[in-house]
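The values are calculated or read from the model by the stated rules, or taken from the named source; none is laboratory data. For clarity, every value in this text was computed on a predicted model and none was experimentally measured. Virtual Cβ from ideal backbone geometry, glycine too; neighbours counted across all protein chains shown.
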Amino acid sequence: MEILVCVKRVPDTAENEIAVNRDGTDIERNDLVYSVNEWDNYAVEEAIQIRDRVGGTVTVISVGDEASEEVLRREMAMGADKGILLCDPVFEGSDGRGIAGILKAAVERGSYDLILTGAQADDGSGQIGGMLAAMLDWPYASLVNTIEILDGNRIKVGREIAGGNQEMNEIDLPCVLSIQTGINEPRYVGIRGIRKVASMEIPVQGSAELGIPPESVGAAGAKVKRLDYFVPEMGQGAEMLEGSIDEIIEKLTELLKSKGGLK
Amino acid sequence: MADTLFAYILHTDGKVDDTAFELISAAKKIVPGTLPTAVIFGSGGSLDTACNQLSSQYPQVWKIDHPALAYPNAEVIRGLLVRLLPENGLMLIPHEHFGMDLAPGLSIKSDAAYIPDVVHIQGLQDGILTVVREEFNGQISTHVACDISKGAVVTLRAGAFQPVEARSETGRILDKTDTAIQGDLPGGNRRFLELVEAPVGDVDITKSDILISVGRGIEEEENLEMVHALAKAMGGDVSCSRPIVDAKWLEKSRQVGTSGQTVKPKVYLALGISGSFQHMGGVKGAPFVVAVNKNPKAPIFQSADVGVVADILELIPKLTEKVQEVKG
């Protein structure tokens with residue numbers, strides 16, 4: 001099975017306090033810790049496990065700047081066979097539709113049976129997989145948390161829906177799936193694994209190679225435009241307990257007791 | 001805009017989802033005074049029951065009734081919506097698991113703009129809709145603008161908009177089945193098989209008055225022991241956020257959130273939980289929420305009553321000791 005996994009380099013929200021820059025045009029990007037989007041990492045692990053069961057290759061692909069190469073290399077160290085970086089200054093500022101269009105052009109220059117994306121990324125939209133599938137006229141399923149390969153033409157997928165329930169579907173290949181966290185346990189990548197793939201070439205493709213009209217992507221082609229970044233004002237927020245840890249524990253215990261938190 | 005504004009209705013077993021009435025207030029923020037048309041897919045008696053419920057709030061309801069629509073399959077419904085909606089239609093959809101399945105592809109197939117997971121609507125001016133979205137797990141918000149004059153698909157976060165009250169007049173229910181189906185059903189390359197119910201766990205956290213809920217901040221599986229010890233001292237149960245279940249450290253039945261359990265305790269102690277909207281979406285009944293997190297910017301502090309900026313690994317053993325002391 002030829003599997004393509006779309007990955008994205010993002011600031012790690014578990015490791016960073018995200019702040020807005022002075023004029024609100026961007027977040028403060030100095031000193032941010034970047035990593036592969038968590039959902040995408042599960043998607044790559046799933047692709048590797050499917051390949052190991054039924055054969056084939058796993059290609060990881062990213063739309064991003066040169067720095068995204070490190071993310072592709074990390075996923076290759078996990079076990080992906082190939083990487084492709086879609087990089088061009090004209091891609092900058094693309095909206096979801098623009099990104100999906102760039103990926104579509106790359107998909108059409110390859111031959112894939114299955115495309116996986118993460119269920120969502122840092123902006124929480126969860127839109128690329130569904131858009132890409134519709135552009136390709138392939139079927140799509142989102143929030144997938146189990147995959148079973150039935151034969152060369154069909155797979156069975158579970159979707160995570162509300163309340164911990166699961167919706168089972170049969171879906172024809174080729175198709176696009178967005179992968180939910182928890183579908184597997186992504187393997188650890190050590191420094192040695194990264195070294196092993198350090199010399200592998202990652203081809204870079206831009207708008208010319210992909211045959212994409214520059215005006216159709218980037219900020220110029222975007223229908224949806226981000227105007228600014230700001231820190232939300234959400235009323236009072238919590239009453240913050242301050243003081244030494246012992247003082248805090250003292251206050252906290254009193255509060256819990258008075259609110260019925262000790263039985 | 002009354003004839004171009006539409007709301008996608010979620011329903012189960014004849015009961016309309018709460019989001020149906022939230023979409024109306026979102027629509028009113030886009031075009032003041034304008035009510036959208038409800039679009040509802042389903043089959044038979046449960047569909048009719050849902051339509052009647054809708055007609056108390058919506059002036060117009062479009063129903064599409066077919067046995068194959070008894071369970072909603074986004075691939076099928078997307079194709080039907082493309083046939084039904086006008087070119088410049090504005091489709092409002094709840095942003096949850098079905099909306100995420102349907103909306104991105106719908107925007108492509110109807111050549112409309114897509115604005116996902118909107119939490120606030122600023123307004124519409126000269127064809128440009130301006131909204132607020134959240135990024136970076138709720139740490140940062142953004143204003144987003146989009147020309148919707150050629151149509152748009154907008155998904156709205158559940159709970160972000162106040163549901164509207166019933167109107168005095170009853171709306172009309174129009175059967176649009178023939179317009180939508182036109183002989184065949186689209187989307188045959190994905191077929192719904194069955195629903196698998198969540199396995200029942202050892203503890204039913206939906207019945208707990210006191211929940212000690214733990215998240216990524218616990219760092220290691222073995223550290224869960226101290227959380228169990230605190231729960232025992234307080235007389236509560238241990239619940240958790242998604243990463244703990246993803247790591248297989250606790251059972252899925254202990255996960256609080258929209259994709260897990262909906263809980264309604266009296267006291268909710270959130271330890272090392274950032275507080276994504278998916279997580280807090282599972283905390284109902286206005287409990288007293290205490291949040292402990294080492295990141296002072298964690299979104300959980302916005303929804304908590306009391307907050308402590310601290311390392312939970314340091315705080316938990318001390319709190320356990322104090323609680324035991326107080327209880328004697």
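Just give me the residues in the range B:207-220 being more than 10 Å from chain A (Cβ to nearest Cβ), not in a loop (DSSP other than H, G, I, E, B) and not hydrophobic (A, V, I, L, M, F, W, C), in sequence order.
Across the range B:207-220, the qualifying residues are B:K207, B:S213.
Conditions tested, residue by residue: (1) in contact with a Gly (Cβ under 9 Å, 6 or more places away or on another chain); (2) modelled with pLDDT of 95 or more.
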site	(1), (2)
B:T170	no, no
B:T179	no, no
B:Q182	no, no
B:L185	yes, no
B:R190	no, yes
B:E197	yes, no
B:D202	no, no
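Within the range B:69-85, can you find the residues that are more than 14 Å from chain A (Cβ to nearest Cβ) and either touching a Phe, Trp or Tyr at 6+ places or on another chain (Cβ under 9 Å) or under 13 Å from B:F98 (Cβ atoms) (or both)?
Result: B:L69, B:L80, B:L84, B:L85.
For (1) more than 8 Å from every other protein chain (Cβ to nearest Cβ); (2) within 30 Å of B:Q53 (Cα to Cα); (3) surrounded by 17 or more Cβ atoms within 10 Å (Cβ to Cβ), each residue gets a yes or a no:
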| site | (1), (2), (3) |
| --- | --- |
| B:I115 | no, yes, yes |
| B:N137 | no, no, yes |
| B:S149 | yes, no, no |
| B:T155 | yes, yes, yes |
| B:A180 | yes, yes, yes |
| B:F192 | no, yes, yes |
| B:D204 | yes, no, no |
| B:E222 | yes, no, no |
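Just one of (1) more than 18 Å from the chain's Cα centre (by Cα); (2) within 13 Å of chain B (Cβ to nearest Cβ) trips up A:D23, so point out which.
It is condition (2) that A:D23 fails.
Could you figure out which of (1) touching a strand residue (DSSP E or B) at 6+ places or on another chain (Cβ under 7 Å); (2) more than 14 Å from every other protein chain (Cβ to nearest Cβ); (3) not in a helix (DSSP H, G or I) isn't true of B:Q162?
(1)
Six or more apart or on different chains, Cβ under 8 Å: which pairs go from a residue in the range A:127-146 that's at positive phi and facing another protein chain (nearest Cβ under 7 Å) to one that's in a helix (DSSP H, G or I) and surrounded by fewer than 24 Cβ atoms within 10 Å (Cβ to Cβ)? Could you list them?
A:L143/B:H97
With the structure loaded, tell me whether B:G236 is buried (at least 22 other Cβ atoms within 10 Å of the Cβ), farther than 25 Å from B:M100 by Cβ and more than 8 Å from chain A (Cβ to nearest Cβ) or whether it fails that test. So that I can check it myself, show each step before the final result.
Values: buried (at least 22 other Cβ atoms within 10 Å of the Cβ): yes; farther than 25 Å from B:M100 by Cβ: yes; more than 8 Å from chain A (Cβ to nearest Cβ): no.
No; evaluated as a whole, the condition is false for this residue.
So B:F288 clears everything in (1) surrounded by fewer than 24 Cβ atoms within 10 Å (Cβ to Cβ); (2) in contact with a Lys or Arg (Cβ under 6 Å, 6 or more places away or on another chain); (3) more than 9 Å from chain A (Cβ to nearest Cβ); (4) closer than 24 Å to A:M240 by Cβ except one condition, right? Which one?
Of the numbered conditions (1) surrounded by fewer than 24 Cβ atoms within 10 Å (Cβ to Cβ); (2) in contact with a Lys or Arg (Cβ under 6 Å, 6 or more places away or on another chain); (3) more than 9 Å from chain A (Cβ to nearest Cβ); (4) closer than 24 Å to A:M240 by Cβ, the odd one out for B:F288 is (3).
Which of the following residues is within 25 Å of B:W62 (Cβ to Cβ), in contact (Cβ under 8 Å) with a residue 24 or more places away in the chain and not in a strand (DSSP E or B): B:L156, B:L185, B:L129, B:L174?
Details: B:L156 fails: not in a strand (DSSP E or B); B:L129 fails: not in a strand (DSSP E or B); B:L174 fails: not in a strand (DSSP E or B).
Going through B:L156, B:L185, B:L129, B:L174 in turn, the sole match is B:L185.
Quick one: is B:K232 in contact (Cβ under 8 Å) with a residue 60 or more places away in the chain and among the charged types (D, E, K, R)?
Details: in contact (Cβ under 8 Å) with a residue 60 or more places away in the chain: no; among the charged types (D, E, K, R): yes.
Against the criterion (in contact (Cβ under 8 Å) with a residue 60 or more places away in the chain and among the charged types (D, E, K, R)), B:K232 does not qualify.
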